[in-house]
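**Student:** Provided herewith is a single structure, encoded as structure tokens, for subsequent inquiry.
The values are calculated or read from the model by the stated rules, or taken from the named source; none is laboratory data. Keep in mind that what you see is a predicted model, and the values were worked out from it rather than measured. Here the Cβ positions follow ideal geometry from the backbone for every residue, glycine too, while neighbour counts run over all protein chains shown. Areas reflect the complete protein model, heavy atoms only, side chains present, ligands, DNA and RNA absent. Shrake-Rupley method; radii C 1.70, N 1.55, O 1.52, S 1.80 Å.
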Amino acid sequence: MADTATPSRVPLVDYLVLDDGDPHLAANECTNCGARFFDRRNACAACFGTEFRRVKIATEGELRTFTIVAFAAPGVEVPFVSGVIDCDGTSVRGNLRNVEPDADHVHTGMKVKLTTYSLGTDDHGTEAIGFAFEPAGPHPPPTFALHFGWPSPPRMQRKRDDRPPHTELN
């Protein structure tokens, strides 16, 4: 008789691994060039190689870019933060959780870590699990100059009478 027990937890996406220690993401890595893809591939988009191996993706990373989503489909709570996270060289698209969705709390360069959450349970008791990222610790936002790696500009002080003359437009 075959075991027909329903798993108690199922990942929302195939690349979220829940049954191999701590939750993590896994990608298909081209054995020829090392390019990584989360979806199934017949050939590498970078080198056209056809051999892949499954690799574990780092669970901590750095937020590279983000947007604060203010409008979404009916039933989706807004605002929320959607971003691209660099997980030790692998870019992962995901949402941020457990952080206020505003520029005072979210900034590029902030350290984040993978987290999982329940999306709900069906009538058979099977729980669907999603993934997101959350802050890995307190991170004050960098100044604009430091954020881009530029040196801080010298403070310019202008005397009131040094202003350029006003020009009237006719």
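**Student:** Just to confirm my filter: which strands (runs of 3 or more DSSP E) fall fully inside region 1-109 and include at least 1 residues that are open to solvent by 40 Å² or more (accessible area, probe 1.4 Å)?
**Tutor:** 9-11, 52-56, 60-69, 80-87, 90-96
**Student:** Here is a list: ARG93, ARG36. Which entry is basic (Lys, Arg) and within 16 Å of THR115 (Cβ to Cβ)?
**Tutor:** So the residue among ARG93, ARG36 that is basic (Lys, Arg) and within 16 Å of THR115 (Cβ to Cβ) is ARG93.
**Student:** Quickly run through region 17-62 and pick out the residues that are among the polar types (S, T, N, Q) and within 22 Å of the chain's Cα centre (by Cα).
**Tutor:** Within region 17-62, ASN28, THR59 qualify.
**Student:** A further question on this structure: I'm trying to understand the selection: among the residues of region 110-133, which are free of Cβ contacts under 8 Å to residues at least 12 places away in the same chain and surrounded by 16 or more Cβ atoms within 10 Å (Cβ to Cβ)?
**Tutor:** Within region 110-133, no residue meets the criteria.
**Student:** Given PRO153, PRO142, which one is surrounded by 14 or more Cβ atoms within 10 Å (Cβ to Cβ), farther than 30 Å from ASP14 by Cβ and at pLDDT below 95?
**Tutor:** After ruling out the rest, the residue left standing is PRO142.
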